[in-house]
Amino acid sequence: MSMTPEATDRRSISVTVNGQRHDVDVETRLTLADCLRHRLGLTGTHLGCEHGVCGACTVLVNGNTARSCLMLAVQADGAEIATVEGIASENGEWHPLQKAFHEHHALQCGFCTAGILTSMVEFLQENPDPDEPEVREALSGNICRCTGYQGIVQAVLDAARRLRSPNQESSS
Ligand code: FES
Ligand code: FES
């Protein structure tokens with residue numbers, strides 16, 4: 001006996017996004033990226049390739065980077081998610097990565113930026129004192145068509161310095 005699509009294709013999930021809990025009724029085929037953008041209104045997460053290559057859709061799921069275009073919303077049930085909208089501090093102060101990107105002109109169109117920022121949040125937590133080749137390797141999963149990466153690399157290195165010495169100004 002086959003089940004009707006109506007009976008099988010929806011699920012209620014609960015996700016905590018940027019510290020706020022959401023209970024959402026979703027189609028089981030809905031990606032996490034579309035759930036964030038269209039159901040929760042968090043359009044800072046961008047979709048480029050939609051098949052796991054460009055990195056634009058990267059978010060943090062339970063503290064680890066994930067391609068939200070490759071993950072179903074139902075797979076995130078119960079998870080803590082951070083998007084680019086949530087990386088600033090609660091009082092609205094930019095994350096050191098955001099400040100450094102601003103000061104080093106590390107973006108042009110900005111399409112790649114949310115995914116790069118979330119990826120670099122995880123990278124700098126795991127490697128707080130990277131050298132340039134390590135930063136370039138860490139960026140290799142994120143495609144930027146505009147900048148040539150030089151400003152991004154300098155911004156990540158500068159953000160690492162700021163995170164290690166929070167009271168120090170930019171060394172650029
Ligand atoms: S949109 Fe997800 S990796 Fe490109
Ligand atoms: S700033 Fe345009 S794709 Fe990176």
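Going by a ≥ b ≥ c, the root eigenvalues of the Cα gyration tensor, does the chain fall in the rounded group (a/c under 1.5), the prolate group (a/b larger than b/c) or the oblate group? Verdict is prolate for the chain.
Computed from Cα positions, the angle between helix 150-164 and the longest principal axis of the chain comes to roughly 90 degrees. Find the Rg to Rh ratio for region 5-86, where Rh is the Kirkwood radius over alpha-carbon pairs and Rg uses the same atoms. Rg/Rh for region 5-86 comes to 0.95. Net charge within 13 Å of Cys49 by Cβ-Cβ distance, Lys/Arg positive one each and Asp/Glu negative one each, not counting Cys49 itself? Value of the local net charge: +1. Angle of helix 113-126 to the longest C-alpha principal axis of the chain, folded into 0 to 90 degrees and rounded to 10: 70°. The sum of -39500 (n - 2.57) across all DSSP H runs of n ≥ 4, divided by the residue count of the chain, sets its helix-only mean residue ellipticity at 222 nm to -8000 deg cm²/dmol.
Summary value for the chain: 21 percent relative contact order, contacts being C-alpha pairs under 8 angstrom separated by 6+ residues.
Laboratory data are not the source of any read-out in this text; all were calculated from the coordinates shown. Treat the numbers as computed from the prediction; the structure is a model and nothing was measured. Neighbour counts run over all protein chains shown; Cβ positions are idealised from the backbone, glycine included.
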